[in-house]
Amino acid sequence: MLTVDFTRFPLAPGDRVLDLGCGAGRHAFECYRRGAHVVALDRNADEIREVAKWFAAMDDEGEAPAGATATAMEGDALALPFPDESFDVVVISEVMEHIPDDKGVLAEMVRVLKPGGRIAVTVPRYGPEKVCWALSDAYHEVEGGHIRIYRGDELLGRMREAGLRPYGTHHAHGLHSPYWWLKCAFGVHREGDDAALPVRAYHKLLVWDIVKKPLATRVAERALDPLIGKSFVAYATKPHAREAAA
C-alpha cells in the first residue's frame with residue numbers, strides 16, 4: 001500500500017533514492033522495481049533485516065530491472081551517514097510525527113539531496129488524526145508514538161523554511177481512517193482474534209481491497225481521500241543555488 005503517488009512524483013531508472021525511516025520497506029520496494037538505486041534506512045534493526053531479506057527475494061525473482069540496486073541499513077535520521085548531495089530523491093513517509101526534532105530531520109534530508117532533487121513527505125492528516133487522539137490515549141501515548149499532529153500549511157511552511165520548494169499536495173488512504181477510528185474506539189492494542197468484531201470485519205475489507213483492487217473500492221477511496229484521507233502528502237524540490245537566491 002503506497003502513500004506516495006509516483007504519477008505525481010516522477011522516478012527515473014538510475015535515480016539514487018533514500019527511503020528515510022523505511023519501516024517495512026513499501027516505498028523502497030516500489031523504487032527498486034522502478035529501476036532506482038535504493039537505500040532503505042531505519043533505526044529499527046529488526047525491520048532493516050526484514051527489508052534486506054525482501055530485497056534479496058526480489059532480486060532472486062527478477063522483480064527489479066537490470067542495473068537497479070538496493071541496500072538496507074540502520075541509521076539515525078538526524079545524522080545521516082552520507083555526503084552532501086548524495087541522492088536524487090528522498091522519501092520520508094509517516095515518520096516526522098514521531099521525531100521531536102523534525103526541523104533537524106528536514107535539514108538532514110535537504111543536505112543529502114542534490115540541487116534539483118525531489119522529496120516526498122507524508123504525515124497523518126490533521127482531522128482524522130485528531131479523531132484518533134480523542135478516541136484513544138493509547139494510540140499516541142506510547143514509546144516512539146506520535147508526538148504531534150501537523151496541519152498541512154504548517155508542514156509546508158517547515159519545508160519552505162528548510163529550503164525546499166513544495167509543488168504539490170494530496171490526501172491518501174480515505175478507506176483507512178474509519179479502520180483506525182474503530183481500532184481506537186474498541187482498543188488500539190487488541191490484535192488478531194482478540195480485536196473487536198467491527199475491527200476484524202473492516203480489516204478484511206481493507207485486505208480485500210489491497211489484494212483485489214476492485215473498482216468499487218477504488219472509486220470510493222478516490223471520493224473519500226479529499227474528505228477523510230488518513231495521510232497528507234507533500235512533494236517538493238530542492239532549488240539550485242541560483243534559483244534559491246532569486
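The values are calculated or read from the model by the stated rules, or taken from the named source; none is laboratory data. For clarity, every value in this text was computed on a predicted model and none was experimentally measured. As a convention, Cβ positions derive from the backbone with ideal geometry for all residues, glycine included, and neighbour counts pool all protein chains shown. In case anyone asks, the SASA skips ligands and DNA or RNA and just uses the protein heavy atoms, side chains included. Shrake-Rupley method; radii C 1.70, N 1.55, O 1.52, S 1.80 Å.
Give the residues of the stretch 14-39 that are more than 21 Å from Val105 (Cα to Cα) and either modelled with pLDDT under 95 or not in a loop (DSSP other than H, G, I, E, B) (or both), sorted by residue number.
Once the filter is applied, which keeps residues that are more than 21 Å from Val105 (Cα to Cα) and either modelled with pLDDT under 95 or not in a loop (DSSP other than H, G, I, E, B) (or both), the stretch 14-39 yields Phe29, Glu30, Cys31, Tyr32, Arg33, His37.
Does the stretch 124-151 hold any residues that are over 17 Å from the mean Cα position of the chain (by Cα) and outside any helix (DSSP H, G or I), and which are they? Reasoning before the result, please.
Within the stretch 124-151, the first condition is being over 17 Å from the mean Cα position of the chain (by Cα), and the residues that meet it are 127, 130-143.
Within the stretch 124-151, Ser136, Asp137, Ala138, Tyr139, His140, Glu141, Val142, Glu143 qualify.
Return yes when Glu154 is in a loop (DSSP other than H, G, I, E, B), over 20 Å from Thr7 (Cβ atoms), of a type outside the set (Phe, Trp, Tyr) and open to solvent by 30 Å² or more (accessible area, probe 1.4 Å) and no when it is not.
Here the answer is no, as Glu154 does not meet what is asked.
Condition check ((1) of a type in the set (D, E, K, R); (2) surrounded by 13 or more Cβ atoms within 10 Å (Cβ to Cβ); (3) in contact with a helix residue (DSSP H, G or I) (Cβ under 9 Å, 6 or more places away or on another chain)) across all residues:
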| position | (1), (2), (3) |
| --- | --- |
| Asp194 | yes, no, no |
| Val199 | no, yes, yes |
| Val207 | no, no, no |
| Lys212 | yes, no, no |
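When you scan the stretch 55-69, do you find a residue that is under 25 Å from Ala172 (Cα atoms) and either touching a Phe, Trp or Tyr at 6+ places or on another chain (Cβ under 6 Å) or open to solvent by 10 Å² or more (accessible area, probe 1.4 Å) (or both), even just one? Walk me through how you get there before you give the answer.
Keep residues of the stretch 55-69 that are under 25 Å from Ala172 (Cα atoms), which gives none.
Checking the stretch 55-69: not a single residue is under 25 Å from Ala172 (Cα atoms) and either touching a Phe, Trp or Tyr at 6+ places or on another chain (Cβ under 6 Å) or open to solvent by 10 Å² or more (accessible area, probe 1.4 Å) (or both).
Does Thr217 satisfy being within 30 Å of Ala107 (Cβ to Cβ) and under 22 Å from the mean Cα position of the chain (by Cα)?
So Thr217 does not fit the description; no.
Please verify whether Gly116 is free of Cβ contacts under 8 Å to residues at least 12 places away in the same chain and open to solvent by less than 70 Å² (accessible area, probe 1.4 Å), treating the condition exactly as stated.
Judged against the criteria, Gly116 is not a match.
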